[in-house]
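Okay, so here's the structure we're looking at.
The values are calculated or read from the model by the stated rules, or taken from the named source; none is laboratory data. Just so it is clear, the model here is predicted, and its values are computed rather than measured. Cβ coordinates were reconstructed from backbone atoms using ideal geometry, including for glycine residues, and neighbour counts include every protein chain displayed. These area figures cover heavy atoms from the full protein model, side chains too; ligands, DNA and RNA do not enter into them. Shrake-Rupley method; radii C 1.70, N 1.55, O 1.52, S 1.80 Å.
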Number of protein chains: 2
Amino acid sequence: MHQLIERIFVATFGNPLLDARHDAAVADLGGTRVAMTTDSYVVQPLFFPGGDIGSLSVNGTVNDLAMAGARPLYLSAGFILEEGLPMETLWRVVRSIQRAAQEAGVQIITGDTKVVDKGKGDGLFINTAGIGLIESPRRIAPDQVRPGDAILLSGDLGRHGIAIMAVREGLEFESAIESDSASVAPLVLALLDAGIEIHCLRDLTRGGLASALNEIAESAGVTMAIDESLIPVRDDVRGACEILGFDPLYVANEGRFVAFVAPDDAERALGIMRSHDVGLGAHLIGSVGDLISDHAAAVTMRSAIGANRVLDMLSGEQLPRIC
Amino acid sequence: MHQLIERIFVATFGNPLLDARHDAAVADLGGTRVAMTTDSYVVQPLFFPGGDIGSLSVNGTVNDLAMAGARPLYLSAGFILEEGLPMETLWRVVRSIQRAAQEAGVQIITGDTKVVDKGKGDGLFINTAGIGLIESPRRIAPDQVRPGDAILLSGDLGRHGIAIMAVREGLEFESAIESDSASVAPLVLALLDAGIEIHCLRDLTRGGLASALNEIAESAGVTMAIDESLIPVRDDVRGACEILGFDPLYVANEGRFVAFVAPDDAERALGIMRSHDVGLGAHLIGSVGDLISDHAAAVTMRSAIGANRVLDMLSGEQLPRIC
């Protein structure tokens, strides 16, 4: 249903700036190139190990701007409160937003609050929209991906989705699995400042790594090959995935992204990524293969035992209300 | 509660750009002055005479940008759907958004959809955020209001709030009272293009005319005097207000605003306003009085029978979910 809705939205609102396949829109504003994006956050529970709906609503939107190569500057925040929400819950979330905004280097400059009657909401929903400044002349988008590009992954997979599901399912581990929710904007800006030839960036939220690679492969009309043994997944996350029946390659992350960079820049880019906390676990996980003409793009993965398999889009249900 | 929340938000996110008393924030973006605003729309019912949640979500946000003197350009749209919402309802709303965006001259450039389980939402909530370009060097804000300013009202009051309440209460009139929901941006831009010395603009949404005047009087530290006989209210709206126990001066509008302009420009401004459909009923309703030093600003109104009374802020409950 989700994909159906998005397609009809694109068909209705269709304009060159609305690209359902990109995290943020890029537009001209009086001669200045800006990126704009929005997300509503309906995550349940509101608080989880490693984050809460407040920090998530900042990091998610900031990261979408960063994926367009933009410097995130300003955020709006719209709150829909269900009557009866404890005020101290709201203050905790508001303080968390402010902390996350400071860490990400953005300002909340405008906001709105609506209250709905009890039973007509679910505690708290937050929408943030963000605008950022695009300083680099290089266009960063799926159609810029080229054969031979190196595919860099910024860190280990699966922590956000598993952190949420573990709370919901009441799973207990020796130590709590914390969400990876974080702003990756400083890391992306460092790559741009260093002149790394970045062709495309994509954060690994809904649908995880596998869906991101497939979407980009389809947009760019290329094949991709990655190596499972190079993809970091923590043992506890892998164990939880087995218990819950998830594949970490499809689980949502909130502080992870892939970068498609010119092969000559791959090593230098990895060095920059690893110099940031959020990129400590960065790896080169594969490369872009040939152009394919029929758009039947295929992402293949060499498994740990050496077999190649096709890595499909996520089929079936996404994890609900993960962000 | 609403005011409490807004005050604490301002205290927490406090920065020079976040001004709870202004409809949109004005910020610098790479040397370009832009306005940004956001609103969530939770109106019930979703469809009402003269509009729906879709057109409202465009007009409301576009008007907030116009109130900062900005040319509205780009909107984001975030949808929170409750499971079970009929798809045809969604398409009607989406088409309405697109029509309203075209009429207002803005593009929807980015969007997001979230689905929440049945019973955790209320059909459909929409958040829009907007950005606009500020082309005029003049700052338009409450603190720019000066003694002697003419107070212009763009049209008749009370239709939006009464249109909603009439549907909710099952009231029937000879002809339906239609919401005044409309974009006023072209009218505002025409005033600016004509060089009208505008000091402040405010749309008359939550709390209506009376609250808007009081907020601005307080911010500017001035008194204001208006004349009840000059304020247009349609007979059917006045009748419905009497039945429902509302005062039209406090009822929300979605296509009405007040403009504080230099007295020498008042007549010319009125002429421009009346040349637009949304300003056909524009009137000069009063003027700004003296500066007052103790911030105990007072708005007084000469009634139809010639008595002066203080026009207070709205006390007690606002109409819930009117937008």
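Residues are listed down the side, and each one gets a yes or a no for (1) within 19 Å of the chain's Cα centre (by Cα); (2) over 23 Å from A:Leu201 (Cβ atoms); (3) basic (Lys, Arg):
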residue: A:Val34; (1), (2), (3): no, no, no
residue: A:Asp52; (1), (2), (3): yes, yes, no
residue: A:Asn63; (1), (2), (3): yes, no, no
residue: A:Phe79; (1), (2), (3): no, yes, no
residue: A:Gly105; (1), (2), (3): yes, no, no
residue: A:Thr113; (1), (2), (3): no, yes, no
- Message: Please count how many residues of the stretch B:78-100 are facing chain A (nearest Cβ under 8 Å) and either in contact (Cβ under 8 Å) with a residue 60 or more places away in the chain or under 18 Å from B:Ala182 (Cα atoms) (or both).
- Response: 4
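What are the residues in the stretch B:220-243 that are assigned to a helix (DSSP H, G or I), crowded, with 20+ Cβ neighbours inside 10 Å and in contact with a Lys or Arg (Cβ under 9 Å, 6 or more places away or on another chain), if any? Can you show your working first?
Of the residues in the stretch B:220-243, the ones assigned to a helix (DSSP H, G or I) are B:220, B:228-230, B:235-243.
Going one step further and asking which of them are crowded, with 20+ Cβ neighbours inside 10 Å, we end up with B:220, B:237, B:240-241.
B:Ala220, B:Val237 - these are the residues of the stretch B:220-243 that are assigned to a helix (DSSP H, G or I), crowded, with 20+ Cβ neighbours inside 10 Å and in contact with a Lys or Arg (Cβ under 9 Å, 6 or more places away or on another chain).
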- On the given criteria, is B:Leu171 at pLDDT below 95, aliphatic (A, V, I, L, M), in the same structural domain as B:Val288 (by TED's automatic domain parsing) and open to solvent by 20 Å² or more (accessible area, probe 1.4 Å)? yes
- Scan of the stretch B:23-68 for residues that are out of contact with any helix residue (DSSP H, G or I) (no Cβ under 7 Å at 6 or more places or on another chain) and farther than 30 Å from B:Ala166 by Cα, ordered by number: B:Ala25, B:Val26, B:Ala27, B:Asp28, B:Leu29, B:Gly30, B:Gly31, B:Thr32, B:Arg33, B:Val34, B:Met36, B:Ala68
- Query: Would you call A:Arg202 modelled with pLDDT under 95 and either among the β-branched types (Val, Ile, Thr) or touching a helix residue (DSSP H, G or I) at 6+ places or on another chain (Cβ under 9 Å) (or both)?
  - Reply: no
- Tell me which residues, restricted to the stretch B:257-288, are assigned to a helix (DSSP H, G or I), surrounded by fewer than 22 Cβ atoms within 10 Å (Cβ to Cβ) and more than 18 Å from the chain's Cα centre (by Cα). B:Pro263, B:Asp264, B:Asp265, B:Ala266, B:Glu267, B:Arg268, B:Leu270, B:Gly271, B:Ile272, B:Arg274
- Please find, within the stretch A:29-47, the residue that is nearest to the other protein chains (Cβ to nearest Cβ) out of those that are open to solvent by 10 Å² or more (accessible area, probe 1.4 Å) and in a loop (DSSP other than H, G, I, E, B). A:Gly30
- Top-ranked residue in the stretch A:111-158 [being open to solvent by 40 Å² or more (accessible area, probe 1.4 Å) and in contact with a Ser or Thr (Cβ under 7 Å, 6 or more places away or on another chain); ranked as farthest from the other protein chains (Cβ to nearest Cβ)]: A:Asp143
- Matching residues, the stretch B:130-162, being touching a helix residue (DSSP H, G or I) at 6+ places or on another chain (Cβ under 7 Å) and small (Gly, Ala, Ser): B:Gly130, B:Gly132, B:Ser136, B:Gly148, B:Ala150, B:Ser154, B:Gly155, B:Gly158
